[in-house]
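Below: one structure, written as structure tokens.
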């Protein structure tokens, strides 16, 4: 049984901003009814500010909750701030989502991104509703079962620090049916982690460091009562507060600081320096 936060349950039972906005300034879509989940989001924009937002979704409780919280997150904010929202921000605002339901936050992010891309050249998308398997021009579909494109998988890997095919499936559904695309997904993961990490933008690097600390480092530390708090990131300098011990960490001869630094060097950037504050 998955463990849902009170906020997820609240937004599922009492979703905010459900429905359609007439004369919306931007409309975005993600998912597909053919694949089990779909989301359509409507935005009213005035002088660069999102003044109203509504959504229509078909999916599980996590999909409803993710869509609902997203509308609350963007109403009243500038387009520039809205553009910076990631799927992790959506999940965090809900108090977390089970790993198997992270694709719901990704769907919210993708619908918002689609709406913003359509903002400058908006046309009513209702005439496209029957074309549920439409793919943006030039994008290669990797998972034909769930209509997941190459770019969607790349974005999920980069934003969330995903390192296994199973994690990619949790975030995108790709590979979750026939499994024929799993080898391709693994090749993409291998390619990404063998690539030059200096190509990451500063924002991508911050997101990746956060994810590695949350999903890889912290679970190792808590086994022996240890703990880590991320204080700040300045380029390759990562400031953290460490407590306790980590005798159960891999290479247990390492100190907590050395373990954290070695992990971040291996998974993010070989030039990272961890500073304990």
* Can you give the angle from 0 to 90° between the axis of helix 102-119 and the longest principal axis of the chain, with both taken from C-alpha atoms, to the nearest 10? -> 50 degrees
* Which order do the peptides 232-244, 203-215 take when ranked by the mean count of other beta-carbon atoms within 10 Å per residue, highest first? => 203-215, 232-244
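Taking square-rooted eigenvalues a ≥ b ≥ c of the alpha carbon gyration tensor, is the chain rounded, prolate or oblate, where a/c under 1.5 means rounded and, failing that, a/b exceeding b/c means prolate?
Numbers: a/c = 1.88, a/b = 1.63, b/c = 1.15.
Prolate.
Starting from the Cα-Cα distance between residue 229 and residue 46, subtract it from 0.36 nm times their residue separation and give me the gain in nm to one decimal. Don't skip to the end; give the middle numbers.
On the way: separation 183, 0.36 × 183 = 65.88 nm, distance 3.89 nm.
Separation in residues times 0.36 nm, less the Cα-Cα distance, equals 62.0 nm.
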* Asked: How much length, in nm to one decimal, is gained on full extension between residue 144 and residue 78, taken as 0.36 nm per residue of separation minus their Cα-Cα distance?
  -> 20.2 nm
* To do: Compute the separation of the alpha-carbon centres of the stretch 34-77 and the stretch 135-189 and state it in Å as a whole number.
  => 23 Å
* How would you order 165-173, 65-73, 260-268 from highest to lowest mean count of nearby Cβ atoms within 10 Å? -> 65-73, 165-173, 260-268
* Any idea what angle helix 256-267 forms with the longest principal axis of the chain, computed on alpha-carbon atoms, 0 to 90 degrees, nearest 10? -> 50 degrees
* Structure fact -> Exposure proxy check on 58, 259: fewest-to-most Cβ neighbours within 10 Å is 58, 259
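So for 221, 112, fewest C-beta neighbours within 10 Å to most, what's the order?
Fewest-to-most Cβ neighbours within 10 Å comes out as 221, 112.
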* What angle, in degrees between 0 and 90 and rounded to the nearest 10, separates the Cα long axis of helix 150-160 from the longest principal axis of the Cα atoms of the chain? -> 50 degrees
* Residue exposure sequence - 218, 105 - by fewest surrounding Cβ within 10 Å -> 218, 105
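Since every read-out is calculated from the coordinates, none of them should be taken as a lab result. Note that the structure is a prediction, hence the values are computed from the model and not measured. Please note: Cβ atoms are built from the backbone with ideal geometry, for glycine as well, and neighbour counts cover all protein chains shown.
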